[in-house]
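Enquirer: Quick one: the structure is below, and I'll ask about it shortly.
The values are calculated or read from the model by the stated rules, or taken from the named source; none is laboratory data. Just so it is clear, the model here is predicted, and its values are computed rather than measured. No Cβ is skipped: glycine too gets one built from the backbone with ideal geometry, and neighbour counts run over all protein chains shown. What goes into the accessible areas is simple: the full protein's heavy atoms, side chains included, and nothing from ligands, DNA or RNA. Shrake-Rupley method; radii C 1.70, N 1.55, O 1.52, S 1.80 Å.
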Amino acid sequence: MPRRQVIAALGIVVVAALAVAAFADAARSGEGQAARSNLTMIAPAAAGGGWDLVARESQQAMRTGNIVNTVQVVNIPGAGGTIGLNQLAGLAGEETTMMVTGTVMLGGISQSSSPLSLADTTPIARLAEDFEVVVVPADSPYTTLEEMLVAWEADPATLPIGGGSAGGIDHMVAAQLAQARGIPVENMVYTPHPGGGELTLSLLSTAAGTVGVGVSGYNDFRDLVESGQLRVLAVVSPERLAGVDAPTMEELGFGEVDLVNWRGLVAPAGITPEERAELEAITREMVATESWSEAVERNRWVRSEIYGEDFEKFLVSEQSRIDDLLKELGLA
């Protein structure tokens, strides 16, 4: 292996090891303390992505609402969130930790050889729905989705599509769009990224191996869209997003491209019913704050709160749906 690749690989290992060590220290700092005293929020992805945003907006709402004394966010990126899930599994009975989860993790679980799933956690709440967009750099020759699709259809190999983890919602949306256009999914070139920050860097870079089209949650691109550096070609949502000048997939004739990304919270397995109830109470108080309402509006989320057993049943049905969809799209 070339020296540069060795160094890069070692760098990834070191970063992952440091993240896990930081997480272990954060979790230990909460041992023996109630969740309202010291709470750790795991964002199972790199900084700058959707899970990280939810964790930090939750942290802010809990702080400003005086709900929890100390809230810390720990990033554990990798493998569609399943590395974070594995770390959470090692904290059975720890009542001062919650992890952000969502559709991407279900895809990661489906594609992973890990025996763990969200059935090995304590479901707390689904919080909101987040919406995908298709973007290109501002200097891209594609000003509409149709123009992009014509080029993609002509030679899929020359137009790599960038997004989050392989098998995640970004990958599934790209595959749905390819399928709807008649492009064989196996001909699609999909380039996964560990977080929204890395994806935007790839989109804006002129170096070889970067991507010309990005698919991810709107908030991964929001700042660069608002500054005019990225252009939204389409949104994957039932209605247009407020303040975003781009049509929906339905408007463009691709109603079958309809995946919505939800955001939720889970805790480690093995906590008591009373500890679970306390985490649910903290979450209910959090979403009732003005800070959270502002976050929902700012990030163009749609509230979709369900708790406890209702959320648990949702996770079972949603995992089954994602498993089936990945097989249908040829991604499983």
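Enquirer: As an exercise: evaluate MET105 against (1) crowded, with 23+ Cβ neighbours inside 10 Å; (2) more than 14 Å from the chain's Cα centre (by Cα) and give the number of the one condition it does not meet.
Expert: MET105 satisfies all of (1) crowded, with 23+ Cβ neighbours inside 10 Å; (2) more than 14 Å from the chain's Cα centre (by Cα) except (2).
Enquirer: Take PRO137 and decide whether it is in contact with an Asp or Glu (Cβ under 8 Å, 6 or more places away or on another chain) and farther than 20 Å from VAL257 by Cα.
Expert: Numbers: in contact with an Asp or Glu (Cβ under 8 Å, 6 or more places away or on another chain): no; farther than 20 Å from VAL257 by Cα: yes.
When the stated conditions are applied, PRO137 does not pass them.
Enquirer: Scan region 121-144 residue by residue and report those that are under 21 Å from VAL189 (Cα atoms) and in contact with a helix residue (DSSP H, G or I) (Cβ under 9 Å, 6 or more places away or on another chain).
Expert: If the condition is that a residue be under 21 Å from VAL189 (Cα atoms) and in contact with a helix residue (DSSP H, G or I) (Cβ under 9 Å, 6 or more places away or on another chain), then GLU132, VAL133, VAL134, VAL135, VAL136, PRO137, SER140, PRO141, TYR142 are the ones that fit.
Enquirer: Still on this model: Here is a list of conditions, (1) in contact with a strand residue (DSSP E or B) (Cβ under 8 Å, 6 or more places away or on another chain); (2) buried (at least 19 other Cβ atoms within 10 Å of the Cβ); (3) in a helix (DSSP H, G or I), and VAL296 meets all of them except one; can you say which number that is?
Expert: Only one criterion in (1) in contact with a strand residue (DSSP E or B) (Cβ under 8 Å, 6 or more places away or on another chain); (2) buried (at least 19 other Cβ atoms within 10 Å of the Cβ); (3) in a helix (DSSP H, G or I) is unmet by VAL296, namely (2).
Enquirer: Quick one: in region 302-326, which of the residues that are of a type outside the set (A, V, I, L, M) and open to solvent by less than 20 Å² (accessible area, probe 1.4 Å) is modelled with the lowest pLDDT?
Expert: Taking the candidates together, the pick is GLY308.
Enquirer: Give me a count of the residues in region 145-171 that are open to solvent by less than 60 Å² (accessible area, probe 1.4 Å) and out of contact with any helix residue (DSSP H, G or I) (no Cβ under 6 Å at 6 or more places or on another chain). Full working, then the answer.
Expert: Start the filter on region 145-171 by keeping residues that are open to solvent by less than 60 Å² (accessible area, probe 1.4 Å), which leaves 145, 148-149, 151-152, 156, 159-171.
This time we only want the ones that are out of contact with any helix residue (DSSP H, G or I) (no Cβ under 6 Å at 6 or more places or on another chain), so: 145, 148, 151-152, 160, 166, 170-171.
Count: 8.
Enquirer: Name the single residue that is farthest from GLU285 (Cα to Cα) among those in region 46-75 being part of a loop (DSSP other than H, G, I, E, B), open to solvent by less than 50 Å² (accessible area, probe 1.4 Å) and modelled with pLDDT of 95 or more. Please lay out each step first, then the result.
Expert: Of all residues in region 46-75, those part of a loop (DSSP other than H, G, I, E, B) come to 46-49, 65-69.
In the following step, the residues that additionally are open to solvent by less than 50 Å² (accessible area, probe 1.4 Å) were identified as 46, 48-49, 65, 67-68.
Next, from what is left, pick out any that are modelled with pLDDT of 95 or more: 65, 67-68.
Details: GLY65: 8, ILE67: 7, VAL68: 10 Å.
Per the criteria, the residue is VAL68.
Enquirer: Also: Specify which of the listed residues (SER117, SER112) is within 17 Å of the chain's Cα centre (by Cα), surrounded by 19 or more Cβ atoms within 10 Å (Cβ to Cβ) and of a type in the set (Ser, Thr, Tyr).
Expert: Working: SER117 fails: surrounded by 19 or more Cβ atoms within 10 Å (Cβ to Cβ).
Just one listed residue meets the conditions, SER112.
Enquirer: Which residue pairs have Cβ atoms under 8 Å apart, sit 6 or more places apart or on different chains, and have a first residue in region 277-296 that is more than 18 Å from THR96 (Cβ to Cβ) and modelled with pLDDT of 95 or more and a second that is of a type in the set (Val, Ile, Thr) and in a helix (DSSP H, G or I)?
Expert: Listed pairs, sorted by first residue: THR289/THR64; GLU290/THR64; SER291/THR64.
Enquirer: Okay, moving on. Any chance you could count how many residues in region 126-144 are among the hydrophobic types (A, V, I, L, M, F, W, C) and surrounded by 24 or more Cβ atoms within 10 Å (Cβ to Cβ)?
Expert: Number of matching residues: 4.
Enquirer: Right, here's the next one. Taking the condition without any contact (Cβ under 8 Å) to a residue 60 or more places away in the chain, open to solvent by less than 10 Å² (accessible area, probe 1.4 Å) and not acidic (Asp, Glu), does ALA43 pass?
Expert: On the way: without any contact (Cβ under 8 Å) to a residue 60 or more places away in the chain: yes; open to solvent by less than 10 Å² (accessible area, probe 1.4 Å): yes; not acidic (Asp, Glu): yes.
Spelling it out, ALA43 is indeed without any contact (Cβ under 8 Å) to a residue 60 or more places away in the chain, open to solvent by less than 10 Å² (accessible area, probe 1.4 Å) and not acidic (Asp, Glu).
Enquirer: State yes or no: is LEU331 closer than 29 Å to ASP120 by Cβ and in a helix (DSSP H, G or I)? So that I can check it myself, show each step before the final result.
Expert: Details: closer than 29 Å to ASP120 by Cβ: yes; in a helix (DSSP H, G or I): no.
Taking the combined requirement at face value, the residue does not satisfy it.
Enquirer: Right, something else. Kindly provide the set of residues from region 157-187 that are of a type in the set (A, V, I, L, M) and more than 18 Å from the chain's Cα centre (by Cα), ordered by number. Break it down stepwise before answering.
Expert: Keep residues of region 157-187 that are of a type in the set (A, V, I, L, M), which gives 157, 159, 161, 166, 169, 172-175, 177-178, 180, 183, 185.
Across region 157-187, the qualifying residues are ALA157, LEU159, LEU177, ALA178, ALA180, ILE183, VAL185.
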